[in-house]
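What follows is a single structure, written as structure tokens, with notes after it.
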Amino acid sequence: MRSNIHLFVVGSFVAASAAKVERLPKPGESLTAHAFALEPGGKGFNLAVACRRLGANVDGVLPVGDDMLSGLAVPALERARLPGEMLRRLPGATGAGIGFIDAQGENCLAVFPGANGRLGADDVREKQAAISKANITLAQFEVGDEPIIAAFEIAREAGKTTLLNPSPFRKLDHRLLALTTILVLNASEAADMASDLAGASRSPFDAHGLTEIQTFAEAVMTMGPAIVVVTLGQGGAVFCRSGDLPLHQPCFPVIAIDTLGAGDAFAAGLAVSLAEGQPREEVMAFASACGAVLASTWGVFDAFPDRAIVDAFLLDHC
Ligand code: ADP
């Protein structure tokens, strides 16, 4: 059954560069870096890699430009065993990020969307057959609303499920929300959305405020989604479905080394397990295990766990 899962990702590709420095530079200052890395990244690419590593068949649309940085994409997809046809070449620059990481692990970065910002609805409609076939179509917010709406319309017309992770957060278009089956957000994204809905700002949710999360999720579910999942970092995650009491899955205790990408690993685990038709208790345990394994491993690309690692982790921890 597992190899029959088909997922489609509408997402970003970013050439991510990082310089390790003793301290973050001041305005106008040039520093010598100890190390430099240029790697394939982007939330869409990471989500596709994470789903593929869990054994799903993955297709999608990842936009790249026609500049030098686009050359990173083909080998990156090959290494991740993702189909090369996922790349959508658009004239101009590839998305690129530049970051500094200091000796304490503190960082600052800027991401230029490049081709991700030029992806249009027609680029996505070309993949109609693959979207219609996918059990779940997934999207994040490093691409614009129109391509996501186009993909979700096709998926829903085919009777399939859609999953939106609105990260980095921007105000949700009501058309997009109406087409979303599963909404997955972290504590600060949920607070931003709750603030938008209430017209007043609020602080991030935490594991002590499960009733507040339920109230927020119920308000969201009146606008389209059937399932709302809020992740709370070390506070675990909450699964809300209309008509059910919320299910809180505590986080698995691990020694966290690098939590960057935990949300992507969690979303991938959630999508794969839901597509397999698992009950919500197993879905949440599986997704949380994916997040915990990622958090206890250095890096992002190589840290996304495969199925054997997640299964062994769950055997040890349940
Ligand atoms: P994001 O990366 O989007 O901010 P979170 O930080 O909420 O997302 O993490 C997503 C999920 O990953 C959490 O709900 C939890 O299951 C798992 N996770 C995150 N951080 C840790 C940690 N330090 N230890 C164990 N699991 C973690």
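Expressed to the nearest 5 percent, the antiparallel share of DSSP beta bridges inside the chain is 40 percent. By the rule of a C-alpha distance below 27 Å, with chain neighbours fewer than 8 residues away ignored, the lysines paired with residue 160 are 43, 127, 133, 171.
The range 64-120: which GluC sites (Glu not before Pro) are DSSP loop and have at most 11 other beta-carbon atoms within 10 angstrom? Answer in residue order: 106. Surface calculation, 1.4 Å probe, protein heavy atoms: residue 20 sits at approximately 110 Å² accessible. Note on the chain: the C-alpha convex hull projects to 16.6 nm² when averaged across all orientations. The equivalent ellipsoid that matches the C-alpha gyration tensor of the range 1-112 spans semi-axes of 31, 16, 10 angstrom, in descending order. Working note: Karplus 6.51/-1.76/1.60 with θ = phi - 60° gives the range 169-180 the couplings 5, 9, 4, 7, 5, 5, 5, 5, 4, 5, 9, 8 Hz, where Gly and Pro are set to x.
Taking the Cα centre of the range 6-317 as the origin, how large is its charge dipole in debye, to the nearest 20, when only Lys and Arg (+1) and Asp and Glu (-1) carry charge on their Cβ atoms?
Numbers: 23 positive and 35 negative charges, 71 e Å.
Using only the charged Cβ atoms, the result is roughly 340 debye.
Surface composition of the range 117-264: carbon and sulfur make up 53 percent of the accessible area, probe 1.4 Å. Helix content alone sets the calculated 222 nm mean residue ellipticity of the chain: runs of n ≥ 4 DSSP H residues at -39500 (n - 2.57) each, divided across all residues, give -10500 deg cm²/dmol. Legend: translational diffusion of the range 198-318 by Stokes-Einstein, Rh = Kirkwood radius over C-alpha pairs, 4 °C, 1.567 mPa s; D = 87 µm²/s. For residue 149, the accessible surface of its heavy atoms amounts to roughly 10 Å² (probe 1.4 Å, protein chains only, rounded to the nearest 10). Convex hull volume per residue, computed on the Cα atoms of the range 132-222, equals 96 Å³. In this structure residue 36 has an accessible area near 140 Å², from a 1.4 Å probe over the protein heavy atoms. Put a plus charge on the Cβ of each Lys and Arg, a minus charge on the Cβ of each Asp and Glu, and nothing anywhere else: the dipole of the range 73-225 about its Cα centre is then about 520 debye.
Sequence-ordered 3J(HN,Hα) estimates for the range 7-23 from the Karplus curve with 6.51, -1.76 and 1.60 and θ = phi - 60° stand at 10, 10, 10, 9, x, 9, 10, 10, 7, 9, 10, 9, 10, 8, 10, 5, 9 Hz, glycine and proline given as x.
The values are calculated or read from the model by the stated rules, or taken from the named source; none is laboratory data. Small disclaimer: the values here were computed from a predicted structure and weren't measured. Here the Cβ is made from the backbone with ideal geometry for all residues, glycine too, and neighbour counts use every protein chain on show. These accessible areas exclude ligands, DNA and RNA; they are computed on the full protein's heavy atoms, side chains included. Shrake-Rupley method; radii C 1.70, N 1.55, O 1.52, S 1.80 Å.
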